[in-house]
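This report concerns only the one structure given below.
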Amino acid sequence: MNDTLVERVRRFNRTVTQRVGALDDRYLARDRPLGEARVLWEIGREGCEVRALRARLELDSGHTSRLLRALEADGLVHVAPSPADGRVRIARLSAAGLAERALLDHRSDDLARSVLAPLSVEQRGRLVAAMGDVERLLTAALVAIRPVDPEHPDARSCLRRYFAELGRRSKDGYDPARGVSAEPHELRAPAGCLLIAYLRDEPVGCGAVKHRPGGPSDVKRMWVAETARGLGIGRRMLAELEACAVRSGADVARLETNRALTEAIALYRSAGYVEVPAFNDEPFADHWFEKRLR
């Protein structure tokens, strides 16, 4: 990692934390720091499961509990078991909490205006555009790709959503039972692997590879949730699957896809895959690709 890049990131962090008042114990001139104010915001008007709150803010359980206790002591938040499942705790804002959240919302708007006010119209546009780029890249950096058992609930959830999207986008629908197999036992080591992409602990993508001893490895089940597209997850996933294929001894990766999946086709071509004659009888496929890995 380039040391100059690291220093520029640190300098950016210092500038932002100072400008938004993250170091102030009385954030936005209220009697609480930024952490407590952010928890109020994330709980929202409808309330929020405590475990979802932890995942969204990437806080450990101890820190989350301390923040919630402080807000409860101020009469802004109530935490109670869910009526549907006593094991699940729900945080909700009291009337005073709702009022405090509305005030913080108003003052946050004022803070944003104070950032933009000294700038020209052109500078404001540049700043907001740059912020959009930074937000996307920082979000992309939060994505973690991990191997998961094919029968894990997260894997099953991603595959259900993947099959549902294929069904929506294909004029003839999609039936995984009719296609080339990618059963759980075929996607477990050493036969293969299945990867899940997580964003703030939520599964937002999947991909798998099925090895063929002495032959090519087949890339299967590539999918990214619509809400997470544009973050480079598909390209990262594909590179991880190729690395898995290389570790298995494969020299070539192969895949097939449907003509409706134009984004996937563009990704494969830009990643070095070349179109080849059909190498299987997948009824859903219109295009077959392969890439030499060594």
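The values are calculated or read from the model by the stated rules, or taken from the named source; none is laboratory data. Bear in mind the structure is a predicted one, so any value in this text is a computation, not a measurement. So basically every Cβ, Gly included, is an ideal-geometry build from the backbone, and we count neighbours across all protein chains shown. All accessible areas refer to the heavy atoms of the entire protein, side chains included, with ligands and DNA or RNA removed. Shrake-Rupley method; radii C 1.70, N 1.55, O 1.52, S 1.80 Å.
Things worth noting here:
- If you go through region 164-192 and keep only what is farther than 15 Å from Pro150 by Cβ and open to solvent by less than 50 Å² (accessible area, probe 1.4 Å), you end up with Ala164, Glu165, Leu166, Gly167, Ser170, Gly173, Tyr174, Gly179, Val180.
- Residues in region 29-43 that are open to solvent by less than 40 Å² (accessible area, probe 1.4 Å) and either free of Cβ contacts under 8 Å to residues at least 12 places away in the same chain or in a helix (DSSP H, G or I) (or both): Gly35, Glu36, Ala37, Val39, Leu40, Glu42, Ile43.
- The set of residues in region 117-163 being part of a helix (DSSP H, G or I), open to solvent by 100 Å² or more (accessible area, probe 1.4 Å) and farther than 23 Å from Leu57 by Cα consists of Val121, Glu122, Arg126, Arg156, Arg160.
- Residue in region 239-252 that is open to solvent by 30 Å² or more (accessible area, probe 1.4 Å), closer than 17 Å to Leu195 by Cα, acidic (Asp, Glu) and at pLDDT 95 or above present: yes
- Scan of region 253-278 for residues that are modelled with pLDDT of 95 or more, loosely packed, with under 15 Cβ neighbours inside 10 Å and not in a loop (DSSP other than H, G, I, E, B), ordered by number: Ala266, Arg269, Ser270, Val274, Glu275, Val276
- The criterion of being under 23 Å from Ala285 (Cα atoms), in contact (Cβ under 8 Å) with a residue 40 or more places away in the chain and not charged (D, E, K, R) holds for Pro216.
- Consider region 164-218 and keep the residues that are in contact with a His (Cβ under 9 Å, 6 or more places away or on another chain), in a strand (DSSP E or B) and among the aliphatic types (A, V, I, L, M). The one that is farthest from Leu57 (Cα to Cα) is Leu194.
- Cβ pairs under 8 Å, 6+ apart, first in region 1-28 and surrounded by 10 or more Cβ atoms within 10 Å (Cβ to Cβ), second among the small types (Gly, Ala, Ser): Val16/Ala22; Tyr27/Gly21; Tyr27/Ala37; Leu28/Gly21; Leu28/Ala37; Leu28/Ser108
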